[in-house]
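Take a look at the structure below.
The values are calculated or read from the model by the stated rules, or taken from the named source; none is laboratory data. Computed from a predicted structure; not experimentally measured. These accessible areas exclude ligands, DNA and RNA; they are computed on the full protein's heavy atoms, side chains included. Shrake-Rupley method; radii C 1.70, N 1.55, O 1.52, S 1.80 Å.
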Amino acid sequence: MQLFINDLESSEDLSAKTLTQYASDLRHLANWYEHSWHRHQEEEIHFVPNEITTPTLIHY
């Protein structure tokens with residue numbers, strides 16, 4: 001996630017506050033994803049941003 005935030009910081013004209021809020025939102029999404037989907041799986045699930053689908057985001 002930090003690589004994504006670093007990329008935004010270098011390629012977009014965003015304030016430090018916006019970047020901090022994006023990072024917070026991503027951490028919340030990752031936490032929700034890993035904990036809510038883990039209950040339905042035998043193996044541990046890890047948040048991989050490029051594997052998140054539209055239906056998953058809608059469910060969130």
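Listing for the model above:
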item	result
Shape call, the chain: gyration tensor on alpha carbons, a/c limit 1.5	prolate
Share of carbon and sulfur in the accessible heavy-atom surface of the chain [1.4 Å probe, %]	50 percent
Residue with peak Gaussian network fluctuation, the chain [Cα springs, cutoff 10 Å], from SER36, SER15, SER24	SER15
Heavy-atom accessible area order for PHE47, PHE4, largest first, 1.4 Å probe	PHE4, PHE47
Å² per residue, accessible surface of the chain at 1.4 Å	83 Å²
Relative contact order of the chain, pairs being alpha-carbon contacts under 8 Å that are 6 or more residues apart, as %	28 percent
Using alpha-carbon coordinates, inclination of helix 2-11 to the longest axis of the chain, degrees	30 degrees
